[in-house]
Every structure is written in C-alpha cells, then in structure tokens.
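Data first, discussion second: the structure below is written as structure tokens.
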Amino acid sequence: MAINLQTILFGLFSVVAVGAAMMMILHRNPVYSAIYLIVTLFALAGFYVLLNAPFVASVHVIVYAGAIMVLFLFVIMLLNLKRDPSRERGKVARRAFAVLIVAALLVEIGVLIGGAFLNGNAPVDPPPAAGLAHEGTTFMGSTAIIGKQLFTTYLLPFEIASVLLLVGMIGAVILAKRKLS
C-alpha cells in the first residue's frame, strides 16, 4: 500500500479534528472550547479540500468558523458564566453516565468497522456524483458546477430557503424592535 500526500494529509486532519474536538469537550473555559471548535472546523474544511470541493471548504470556513463562531463568542462573553454550586451536585453520576455512553458508542463503531473488514465489505472509493464530475478539468465542488446546479436543478429549494431566511430576519427585527419600546 503506497502512502501518498493525500493519505498523510487525511491522517493529519483526522488527528487535528479529533484532538481539537476532545479538547473542546474537556476544557473548562468556554472561550477556549469555542477556539478548539474553530480548529475542528478548519480541519473539517481540510477534508473538503481533500475531497476536491474547495468552494465548499471556503464557504464552510467563512460561515461556520467565521460568522457562527463570532456569534458563539459574543454569547459566551455576554453571559459571563460563573460557577453554579447547584450544578456541582450529581457531577459524578453525570460523568459516569457519559463514560458509559461513550464506551457504548466506541464498541458500536468497533463492531461496525470490524464487521465490514471481516465480511470483505471494506470501504471503497465512492463513485463520482452523477452530473457533477467533468473530464478532470474542474473539481466536483467548484464554484461553476455548484452555481449551475443551484440555479438550474435546485432553483426552487434555493428560492424557498431564501424566502424563509428573509422571513426569519424580518421576524427577528420586529421582535427586537418590540422589546425596545
């Protein structure tokens, strides 16, 4: 089995994503947890680049690691979280329950992966998406292909999502305005 650059980058992004996700969960400071979430989101964007979807990777970074995480950080800082003594009760029981759930999920993942390899159903490369792959000149996730699909095949769902977002923004403005007066 030859190890190429894509395999090395996949391993690197995997280690960074899992490590940052674990640190996000285990860290006590919510600001540091949000920063570790940003690192995880950047590692996921690296996966999109490895899957030949640079546009999806850039949108992922801009929307999630940029806009959404800024909102998270504002909320965390506005809440000014302090220690709550009432939350300290039952801490051991909650942690024991969490360890049991994680152990059960790890066993399930192990059984699924082991069963796939024992039955000869090892994962293979997925076939290219129908209608999205061209003769090696453009990426599957390129801007041109996504734009063409968005404004031809998926025009109605795109317009419905746009109207729903507009209604949500108008509703938020009306609710915020009502509370000010």
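The values are calculated or read from the model by the stated rules, or taken from the named source; none is laboratory data. No experiment lies behind these values; they were computed from the predicted model shown. Positions of Cβ are backbone-derived with ideal geometry, glycine not excepted, and every protein chain shown enters the neighbour counts.
What the table below lists for this structure:
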| read-out | value |
| --- | --- |
| Selection status of Thr138, assigned to a loop (DSSP other than H, G, I, E, B), surrounded by 11 or more Cβ atoms within 10 Å (Cβ to Cβ) and either modelled with pLDDT of 80 or more or in contact with a Lys or Arg (Cβ under 7 Å, 6 or more places away or on another chain) (or both) | no |
| Residue within segment 154-172 that is under 21 Å from Asn52 (Cβ atoms) and modelled with pLDDT of 75 or more present | yes |
| Criterion (modelled with pLDDT under 60 and either over 23 Å from the mean Cα position of the chain (by Cα) or part of a helix (DSSP H, G or I) (or both)) met by exactly one of Ala122, Ala144, Ala129, Ala176 | Ala122 |
| Subset tally (residues that are in contact (Cβ under 8 Å) with a residue 40 or more places away in the chain and among the hydroxyl-bearing types (Ser, Thr, Tyr)) for segment 144-163 | 0 |
| Enumerated helices (runs of 4 or more DSSP H) restricted to segment 1-118, each holding at least 3 residues that are surrounded by fewer than 15 Cβ atoms within 10 Å (Cβ to Cβ), at pLDDT 85 or above and not β-branched (Val, Ile, Thr) | 5-26, 91-118 |
